[in-house]
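One structure is given below, encoded as C-alpha cells.
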Amino acid sequence: MSSEDWTKVARFADLPDIGSPRNPARKGTKVELGKDEIFLIRDGNRVFACSNSCPHYGGPFDKGTVRGHRVTCPFHNATFNLEDGSLVTPPALDDVALYDVRVENGDVMIGAKQAPSIRMPTGVDSRSVVIVGGGAAGNAAAEALRRYGFAGTITLVTQEKDGPYDRPMLSKGYLSGTAKEAWLPLRPESFYQDLHIDLKRGTSVRAVNAKERSLSLGDGTELRGDAILLATGSAPRRPRFSGAEMNGIYTLRSAADARRIRESVGKGRPVVLLGAGFIGMELASDLTEAGMSVHVVAPEAEPMAAQFGERVGRRLRSMHEERGVSMHMGLTVSRAAGSRSVQSVALSDGTSIEAALVIAAFGVTPAVSFVEGSGLVTDGALTVSASFETDAPGIFAAGDIARVPYPGNLGSHRIEHWVVAEMQGRHAARAILGDGAPYHDLPFFWTRQCEKSLKYIGFPGGFERVEFRGDPEGGPFLAGYYRGEHLVGAASLGMSDSLIELEPVIRGEERLPPESFARG
C-alpha cells in the first residue's frame, strides 16, 4: 500500500487508553474519513480500527462498551472481536468491517477497509449435517458451520414456505408498516446457494429415528445425517373460549400469520390483544402506532410482572396508557361474538369490548410433537448437555425446545428468546464439529415498546428480591434480580452500559450484594 493510500485521522497521544485508570469507562474514539465513521480503540501501544456501525441495526460503537479487545453494540448487545472483526455474540449476522491502521510519527493512519464475508470452505468433506427448523437457532447453526470451516453437506429443513426471516420484526413494526416486507429475510436466496446450504422450505418432519440419525419427512422421504440438529422452536397457544374459531381471531408466530393479520390493520379499528407478555405489549405499541384502538386483556395484575416484578410492570403499563392503550388487567375473555367474523369479546367481569380483530399472544409451547416416541422428550422439552447433544449421540437440539445447562450455579433453563436461540445455534455448530467447550453465553433479550427499549440479561424470572438503581417510576433505571445473595438477572431502561457491566456478577465471577446494588 503506497503512502498516498494512508490518511491521518488522529494523534496517538489523544486516544484514551482502555487499559488506563484515566479511562474507567473504557471508551473508544469516533473519527470520520470521508463518509465513513471509524471506531478507534487504543490498548497500550496498539490501535484497532473498525466501522463505527454495528452490522445489525447500525448501533454506534462509540456509544457501546469495550472489554479487552471486544466491543459491544449499545442497541442489542452484539459483540465483536476487534482483533479480526469476527462476530462473538448475536443478534448481528455478519462480522464488522476492519480498517488497516498504523501509527507513524505519533499520527494514527488509516488505510484500506477490509469488508467481511462468509465463503464456502474449500476441500472435500463427506460428512453431512441436517438441521430441522429455519428460525434463529437453525439459521445461525447453518451459517456457523460454514464460518468454522465445515465443507460437507448441510440440509436446512423448514416447514414454512418462507426462508429464514427476522421473526422479532413481526411484533416490532411489521403490522404497522414501519418495518417493510423486504426487511424480513435474514439473507437473500443467493446466500444459501453460494454457501451450498440446501434449503428445503414447506417441508415438515414427521418423526426422528435417533438410533439411525434419520428423519421421516411429510412427503414420505427420509433424510440421514452424520449429525442432526433439532431447532423447531415453538408453537403458539391458541384461545379456547367460546367463539375462538371465528374469522378475525389470530395467533402470531409466523410471517404468514403476520401477513394475514396485517390485512385487517386499519386506523381507528378496535383490536383486542390477549396477553400482556413480550409479544402482546410489543403489538400494543405497534398497533397504537398504526392508529388502532388497542385493548390489552390479561389475567395478571401488571404486564410482565412474572419476569420483571410489579414495579417494572406498572411502569410499562403507564407508558402504554399514556399512549391511549386500554389495559384490562386481572381479566380473561370468556367468549367472542359476531356473525362470521368477530365483532366483540366478553370479559370475565361481564363487560364487553368491540373488536374488529383479536390476537392471542399468551405464550407458546415447544414444537416437539414430531420427536414424541423417540425417548428424547422430558417434560415437553429436550434436555441437552453443555455441548447441546441430547442423550442420543449425534442428535443435537437448540433454541426454544432445548433445556440447557448454564455456567456456575445458574441452573438449567429452556428460554424462548431470539438472541438466545442464535447463540445456541452457533455453539451447537461448534459442538457438531468437535469443539467440546461448554456453553457460557448469558441470555439477553430486548423489547421495544412506546419508543423505549427495555433490555435484560440473565434469568430475572423466579427472583426472590429486586433492587433498583435510578428511577423505575419515570426515568432511566436498572433492576437487579436476586436469589438469596446472588444476582441472577438484570433489566435496564436507559442504562445499557450499567447492564453490561453486571455480566461478571451474574456469572458469579464478581460479587454485588443486594444492599450495594443501588450504589453500583
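Observations on the model:
- Extreme residue, nearest to W418 (Cα to Cα), among residues of the stretch 14-37 that are part of a strand (DSSP E or B) and touching a Lys or Arg at 6+ places or on another chain (Cβ under 7 Å): E37
- Being in contact with a strand residue (DSSP E or B) (Cβ under 9 Å, 6 or more places away or on another chain) and either crowded, with 21+ Cβ neighbours inside 10 Å or more than 18 Å from G425 (Cβ to Cβ) (or both) is not true of P185.
- Condition met for V466 (farther than 30 Å from E321 by Cα, hydrophobic (A, V, I, L, M, F, W, C) and surrounded by 18 or more Cβ atoms within 10 Å (Cβ to Cβ)): no
- Residues that are among the β-branched types (V, I, T) and in a loop (DSSP other than H, G, I, E, B) were ranked within the stretch 151-189; the one that is nearest to V265 (Cα to Cα) is T178.
- Exactly one residue out of A235, A227 is closer than 30 Å to P393 by Cα, touching a residue at least 40 places away in the same chain (Cβ under 8 Å) and in contact with a helix residue (DSSP H, G or I) (Cβ under 6 Å, 6 or more places away or on another chain), and it is A227.
- Residue that is surrounded by the most Cβ atoms within 10 Å (Cβ to Cβ), among those in the stretch 482-515 that are without any contact (Cβ under 8 Å) to a residue 60 or more places away in the chain and closer than 23 Å to R448 by Cβ: A490
- Residues located in the stretch 202-230, provided they are in contact with a strand residue (DSSP E or B) (Cβ under 7 Å, 6 or more places away or on another chain) and among the basic types (K, R): R206, R213, R224
- Qualifying strands (runs of 3 or more DSSP E) (wholly inside the stretch 39-150; at least 3 residues being touching a Phe, Trp or Tyr at 6+ places or on another chain (Cβ under 9 Å) and surrounded by fewer than 20 Cβ atoms within 10 Å (Cβ to Cβ)): 98-104, 107-114
- Matching residues, the stretch 224-270, being closer than 30 Å to T153 by Cβ and among the charged types (D, E, K, R): R224, D226, R253
- Comparison of I110, I41 shows that the only residue that is out of contact with any helix residue (DSSP H, G or I) (no Cβ under 6 Å at 6 or more places or on another chain) and touching a residue at least 60 places away in the same chain (Cβ under 8 Å) is I110.
- S204 being modelled with pLDDT under 95, under 27 Å from R146 (Cβ atoms) and surrounded by fewer than 17 Cβ atoms within 10 Å (Cβ to Cβ): yes
- Scanning the stretch 388-420 for residues that are polar (S, T, N, Q) and more than 20 Å from the chain's Cα centre (by Cα) yields T390, N409.
- No other residue among R314, R253, R269, R262 is of a type outside the set (D, E), surrounded by fewer than 19 Cβ atoms within 10 Å (Cβ to Cβ) and either under 20 Å from the mean Cα position of the chain (by Cα) or under 17 Å from T447 (Cα atoms) (or both) apart from R314.
- Meets criteria (free of Cβ contacts under 8 Å to residues at least 12 places away in the same chain and not acidic (D, E)) for G434: yes
- The stretch 260-300, residues that are part of a helix (DSSP H, G or I) and either of a type in the set (S, T, N, Q) or without any contact (Cβ under 8 Å) to a residue 40 or more places away in the chain (or both): R260, S285, T288
The values are calculated or read from the model by the stated rules, or taken from the named source; none is laboratory data. The model shown is predicted, which means the values in this text are computed figures rather than measured ones. Counting neighbours? That spans all protein chains shown, and the Cβs are built from the backbone with ideal geometry, glycine included.
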